[in-house]
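Working notes, beginning with the structure itself.
The values are calculated or read from the model by the stated rules, or taken from the named source; none is laboratory data. The model shown is predicted, which means the values in this text are computed figures rather than measured ones. Cβ placement follows ideal geometry from the backbone for every residue including glycine, while neighbour counts extend to all protein chains displayed. Please note that ligands, DNA and RNA were not included when accessible areas were found on the heavy atoms of the full protein model with its side chains. Shrake-Rupley method; radii C 1.70, N 1.55, O 1.52, S 1.80 Å.
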Amino acid sequence: MSTAMPNADRPKGLTLADILVTLVVAVVFGIIYRIWNPMYDILKPLGLHAEQLSYGMWFMAGTFAFLLIRKPGAALLAETAAAALEAFMGGSWGASTLVYGVLQGLGAEIIFAAFLYRKAGPIVTVLASLGSAFVSIFIDAHYSYIDKMTAWNYTLFVSMRLLGSVVIAGLFAWALAKALERTGVLSLIRPASAKDYEALG
């Protein structure tokens, strides 16, 4: 099945309308991120680094925004703006939230760029979610104690975060975008065509 991007004649850069839609997505996810914070503490008592499964939600603004806009910069802008709003509302990680947002958005953006922004299927979306996740792990190594973990403990930590990323920021984001595509709502953002449906897998 083809995953080529549709509407090749559309402006390649973000238009004002694209930016506004992306910022709306960012606001929604900024609020979701703030509400989602307790999920980390709820899962932590389960052990086995179960709390790392919750991290996927914090990567979703970038992947979801790209699936809607499908242009360079959408993932980075959405993730950065969502993180900024979360920090403004008193997120648990304070100013460092913005650092995470920028770099996690960049992690997703690099993956979409690797496919020349022409593919938006589930595999690419999952890879983008993993891009955000891997970047977050490197940031954690700078800010926290994870470099002191034993090998097996670190492997479990990373595996759980990657799993949460795949499920939430990857598959769930793609499924939600595909559902919106089928309702025709996205025709308000960009022209719809048969290729739009193919591009989402």
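Some points to look at:
- Residue check: Asn7 meets all listed conditions (1) at pLDDT below 90; (2) in a helix (DSSP H, G or I); (3) not hydrophobic (A, V, I, L, M, F, W, C) but one, namely (2).
- Members of region 35-51 that are touching a Leu at 6+ places or on another chain (Cβ under 8 Å) and buried (at least 17 other Cβ atoms within 10 Å of the Cβ): Leu43, His49, Glu51
- Of everything listed in (1) within 12 Å of the chain's Cα centre (by Cα); (2) at pLDDT 90 or above, the single unmet condition for Arg70 is (1).
- Within region 104-122, restricting attention to residues that are touching a residue at least 24 places away in the same chain (Cβ under 8 Å) and farther than 15 Å from Ile69 by Cβ, the residue that is surrounded by the most Cβ atoms within 10 Å (Cβ to Cβ) is Gln104.
- Selected residue (only one of Phe157, Phe138 is open to solvent by 30 Å² or more (accessible area, probe 1.4 Å) and either touching a helix residue (DSSP H, G or I) at 6+ places or on another chain (Cβ under 9 Å) or more than 20 Å from Gly30 (Cα to Cα) (or both)): Phe138
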